[in-house]
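One structure below.
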Amino acid sequence: MQQSPYIWERIWQWACRRHPNKNKHWIGRKYFRLQGTKGWALKAKVGEQTLALLQAYQIPIKRYVKIKKDANPYDLSWEEYFEKRAERKVKEALRNGMLRKLWEQQSGKCGLCRERITLDTFWETHHILPKHLGGKYILRNLVMLHPECHKRVHAEKLRVEKPGQVTTLP
């Protein structure tokens with residue numbers, strides 16, 4: 001699937017209007033680049049890097065799940081339904097494989113307070129062994145915490161261990 005001919009023509013006309021004294025080959029080299037078998041794409045140079053205009057076929061289709069018409073977030077009988085919806089949204093947001101695994105290891109809960117981590121509460125990754133002491137950004141050295149819990153861990157010098165055992169440092 002290629003870019004709309006209308007859009008391409010408008011961009012080409014704009015480029016020709018901008019440089020009336022240049023030929024089509026110069027304009028093509030300046031503003032466009034060939035994207036394999038997909039055709040030509042508008043390009044932009046940012047510093048040393050050349051970027052191409054994102055085309056419609058490159059944007060993934062995202063399906064949204066409608067909320068059930070009877071669902072009420074204030075009714076306790078619908079609590080599980082809304083928790084599953086929130087969980088699905090966090091999984092979609094955690095495209096980074098390591099963060100998603102960490103979130104699943106902790107059952108979607110904060111390593112300190114054991115409350116749910118959602119897109120509303122957000123999260124921070126905490127190094128069990130601090131980086132300045134040689135800790136690395138690896139799964140067994142990380143724990144997900146709410147931002148408030150993370151501040152509390154550092155302020156009160158709490159030690160967080162997987163999956164949520166907390167002890168005070170001397």
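The values are calculated or read from the model by the stated rules, or taken from the named source; none is laboratory data. Everything numeric here is computed off the predicted structure, so don't read it as measured data. Cβ atoms come from the backbone with ideal geometry, glycine included; neighbour counts cover every protein chain shown. Side chains included, ligands, DNA and RNA excluded: accessible areas come from the protein's heavy atoms. Shrake-Rupley method; radii C 1.70, N 1.55, O 1.52, S 1.80 Å.
Report in % the part of the accessible area of the chain that belongs to carbon and sulfur, leaving out ligands and nucleic acids; probe 1.4 Å. Reported share for carbon and sulfur atoms: 55 percent.
Let me have the 222 nm mean residue ellipticity of the chain computed from DSSP H runs of 4+ only, each contributing -39500 (n - 2.57), with the sum over all residues rounded to the nearest 500.
Numbers: 5 runs with 55 residues, N = 170.
It lands at -10000 deg cm²/dmol.
Near G135, no amide H atom lies under 5 Å from its own; only residues 5 or more places off or on other chains count, and H is placed 1.01 Å from N. Solvent exposure of the range 19-170, expressed per residue, is 74 Å² of accessible area, with all protein chains present and a 1.4 angstrom probe.
A cut-off of 5 Å between modelled amide H atoms, ignoring neighbours fewer than 5 places along the same chain, links W40 with Q35.
Viscosity 1.567 mPa s, temperature 4 °C: Stokes-Einstein D of the range 47-111 from its Kirkwood Cα radius, in µm² per second? Approximately 85 µm²/s, per Stokes-Einstein.
I'm a student and want to see the number: the projected area of the Cα convex hull of the range 50-170, averaged over all directions, in nm². Result: 11.8 nm². Label sites at H154 and L51, each approximated as a point 7 angstrom past Cα along Cα to Cβ, lie 3.0 nm apart.
The H on the amide N of L112, modeled in the peptide plane, is under 5 Å from the matching H of H146, each at least 5 residues off or on a different chain.
Please list 41-54, 84-97 highest first by mean number of surrounding beta-carbon atoms within 10 Å per residue.
Peptide ranking by packing, descending: 84-97, 41-54.
The accessible-area ordering, largest first, of the residues Y74, Y81 stands as Y74, Y81, per a 1.4 angstrom probe.
In the range 84-126, which residues have a backbone nitrogen under 14 Å from the label point lying 7 Å from K162's Cα in the Cα-to-Cβ direction? Residues passing the 14 Å test: 98-108, 111, 126.
Near N141: Cβ cut-off under 10 Å, other residues only, Lys/Arg at +1 and Asp/Glu at -1. The net charge is +4. Taken along the Cα-to-beta-carbon direction at a fixed 7 Å, the label points for E92 and N23 span 5.1 nm. When each of the peptides 59-66, 114-121 is scored by how many other beta carbons lie within 10 Å of its residues on average, the order from highest to lowest is 114-121, 59-66. Listed by number, the DSSP H helices of the chain that run 15 Å or longer by alpha-carbon position along their axis and have mean Kyte hydropathy of at least -1.0 are 5-18. Of the cross-linked pairs K22/K45; K101/K131; K45/K89; K84/K151; K89/K162; K43/K66, those separated by over 30 Å at the C-alpha level are K45/K89; K43/K66.
Quick check: net charge around Y81, other residues with Cβ under 15 Å of its Cβ, Lys/Arg +1 and Asp/Glu -1?
On the way: positive: K66, K68, K69, K84, R85, R88, K89, R116; negative: D70, D75, E79, E80, E83, E87.
Result for the local shell: +2.
Under 17 Å from a point placed 7 Å out from the Cα of E104 along the Cα-to-Cβ direction: which residues of the range 50-90 have their backbone N that close? Label zone hits: 87-90.
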